[in-house]
1. If you take the residues in the stretch 251-279 that are surrounded by 20 or more Cβ atoms within 10 Å (Cβ to Cβ) and in contact (Cβ under 8 Å) with a residue 40 or more places away in the chain, which one is nearest to K23 (Cα to Cα)?
2. For the stretch 209-298, which fully contained helices (runs of 4 or more DSSP H) count at least 1 residues that are within 30 Å of D137 (Cβ to Cβ)?
3. Can you go through E38, E53, E66 and tell me which one is touching a helix residue (DSSP H, G or I) at 6+ places or on another chain (Cβ under 8 Å), at negative phi and within 12 Å of the ligand (Cβ to nearest atom)?
4. Mind checking which residues of the stretch 282-296 are crowded, with 16+ Cβ neighbours inside 10 Å and either charged (D, E, K, R) or over 17 Å from L101 (Cα atoms) (or both)?
5. Quick one: which residue in L123, L154 is in contact with a helix residue (DSSP H, G or I) (Cβ under 6 Å, 6 or more places away or on another chain) and closer than 20 Å to L248 by Cβ?
6. For R213, are the conditions met, namely being touching a helix residue (DSSP H, G or I) at 6+ places or on another chain (Cβ under 8 Å), in contact (Cβ under 8 Å) with a residue 60 or more places away in the chain and crowded, with 18+ Cβ neighbours inside 10 Å?
7. Which of the residues spanning the stretch 43-87 are exposed (fewer than 14 other Cβ atoms within 10 Å of the Cβ) and either outside any loop (DSSP other than H, G, I, E, B) or touching a Leu at 6+ places or on another chain (Cβ under 8 Å) (or both)?
Amino acid sequence: MNRFHTPVLLKEILEFLNVGKGKKYIDATLGGGGHTKEILKLGGRVLGIDIDEEAIRFIKENFKFEIFNFKLVPVLGNFKDIDRIAHLNNFDKVSGIIFDLGVSSFQIDQSQRGFSYQKKGPLDMRMGKSLSVKAADLISVLSKNELYELFSKLGQERFARVVSGRIVRARRIKRIETTDDLMKTLEELSGKNQRLSAFKRALIGKRVFQALRIAVNDELNNLKGALPKTLRLLKKGGRLEVISFHSLEDRIVKDSFEDFENKNMGRIITKKPVLPTFEEVKQNKRSRSAKLRVFERL
Ligand SMILES: C[S@@+](CC[C@H](N)C(=O)[O-])C[C@H]1O[C@@H](n2cnc3c(N)ncnc32)[C@H](O)[C@@H]1O
């Protein structure tokens, strides 16, 4: 068990990657280096990118030997710039690229980052300090209609209209600054002022938080922009592997891979997404919604 984050679908990622000694790989979402560590063990060299200063700091402390020996090059940056970062670091013809999307357990567990509806903290949700807009800013400046769009599209929340109405009413009285402030606005969502059950409130909270996180970090646009750039970085036979955690991400990956195949740029290796085994889900609940898709460059 990695104290930073337990890597999901690790065995599957490595099987599809077919790591070779001295070959180059890019880990576009380095996190705590769970996937990268195993690629390094198998003799691969890795360019690891993460937008989170704390993740890069963790890597620099825990992979000193590999960094010193030029086996691992950690870079603080956004994977939407993957082409530029790869060129700058001489990783422009690689054998594989992996994306393990979303947030790490380390990020979720730190209450001051504001990612979890279950932990009291400021409504921040930025994956890196380079981003300027926090979730609290969105909550305070978006109109009722914009909030509705956000929660219904990015959170797929059925009560989006009621939620946005409640937020607008609550923020007239006091700025919504913390995770707790936001969760309190969800307490009385039903018209008859009945309190929602804790279970329902948690479900809505989860989707509302997901929507805000995606918006704050511009997650879908970053992914949409980055995937085509990876094709120019992959060697013939090189593989692109993406693990997604919700249907909005998975749709982008699926559509992009189909588009690449239609343009004869390679072939889809996973006709259906690869899911974690029952055993993995039992040991690591976070893996439950993971889906892995793999594309091979021609
Ligand atoms: C699920 S974690 C990766 C965990 C890693 N595979 C491991 O096993 O430790 C996702 C990581 O991607 C980073 N991330 C998310 N969006 C990013 C982006 N646009 N550019 C760079 N890193 C990003 C997050 O900061 C987080 O550390």
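Each value in this text was obtained by applying a stated rule to the coordinates, not by laboratory testing. Keep in mind the model is a prediction, meaning the values are calculated, not measured. Here the Cβ is made from the backbone with ideal geometry for all residues, glycine too, and neighbour counts use every protein chain on show.
1. Looking at residues that are surrounded by 20 or more Cβ atoms within 10 Å (Cβ to Cβ) and in contact (Cβ under 8 Å) with a residue 40 or more places away in the chain, I get V253.
2. 219-231, 247-262
3. E38
4. R286, K291, R293, E296
5. Unique residue meeting the criteria: L154.
6. The answer is yes for R213.
7. Those that are exposed (fewer than 14 other Cβ atoms within 10 Å of the Cβ) and either outside any loop (DSSP other than H, G, I, E, B) or touching a Leu at 6+ places or on another chain (Cβ under 8 Å) (or both): E53, R57, K60, E61, K64, F65, F68, R84, H87.
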